[in-house]
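Have a look at the structure below, then the notes.
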Amino acid sequence: MEKNYRAELVGVFGDPVDDNPTGVMEEAAFKACGLNYRYLTLKVEKEDLGDAIKALKALHMRGMNLTMPHKIKVIPMLDELSKAAQIIGAVNTIVVR
């Protein structure tokens with residue numbers, strides 16, 4: 001098997017996020033499943049959301065969760081929406097393809 005030292009990156013964008021424990025749970029799940037993934041908890045202020053979304057592809061990230069205040073504001077920045085996101089008018093998870 002070929003060695004690969006580059007971890008797959010996922011995480012959360014939000015403000016505030018300092019008290020968000022999701023990364024601890026996700027990292028434990030990745031380890032238990034033997035996945036070389038890292039979950040980043042990233043503070044993204046509302047005026048920086050557009051730049052952060054552009055960075056997802058530039059950094060070859062696999063996806064991102066969103067917390068408030070980004071769940072609605074992100075919609076026009078995405079290429080497509082799932083049926084569920086269309087119905088509720090908000091996005092919880094971005095998948096980068």
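The values are calculated or read from the model by the stated rules, or taken from the named source; none is laboratory data. What you are looking at is a predicted structure, and each value in this text was computed from that prediction instead of being measured. FYI the Cβ positions are ideal-geometry reconstructions off the backbone, even for glycines, and counts take in every protein chain you see. All accessible areas refer to the heavy atoms of the entire protein, side chains included, with ligands and DNA or RNA removed. Shrake-Rupley method; radii C 1.70, N 1.55, O 1.52, S 1.80 Å.
Numbers for the structure displayed
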{"read-out": "Positions within the stretch 1-37 being of a type in the set (Val, Ile, Thr) and either open to solvent by 40 Å² or more (accessible area, probe 1.4 Å) or over 15 Å from the mean Cα position of the chain (by Cα) (or both), in sequence order", "value": "VAL24"}
{"read-out": "Neighbours by Cβ (under 6 Å, 6+ apart or cross-chain): first from the stretch 74-93, free of Cβ contacts under 8 Å to residues at least 40 places away in the same chain; second open to solvent by 100 Å² or more (accessible area, probe 1.4 Å) and in a helix (DSSP H, G or I)", "value": "ALA90/ILE72"}
{"read-out": "Exclusive hit being in contact with a Lys or Arg (Cβ under 8 Å, 6 or more places away or on another chain), surrounded by 14 or more Cβ atoms within 10 Å (Cβ to Cβ) and of a type outside the set (D, E, K, R), set LEU56, LEU49, LEU66, LEU40", "value": "LEU49"}
{"read-out": "Number of the exception - ALA52 against (1) in contact with a strand residue (DSSP E or B) (Cβ under 6 Å, 6 or more places away or on another chain); (2) part of a helix (DSSP H, G or I); (3) modelled with pLDDT under 95", "value": "(3)"}
{"read-out": "LYS43 vs. criteria touching a Pro at 6+ places or on another chain (Cβ under 8 Å) and of a type outside the set (Gly, Ala, Ser)", "value": "yes"}
{"read-out": "Residue count for the stretch 73-83, restricted to those that are surrounded by 14 or more Cβ atoms within 10 Å (Cβ to Cβ) and assigned to a helix (DSSP H, G or I)", "value": "3"}
{"read-out": "Verdict on ASP19 being acidic (Asp, Glu) and part of a loop (DSSP other than H, G, I, E, B)", "value": "yes"}
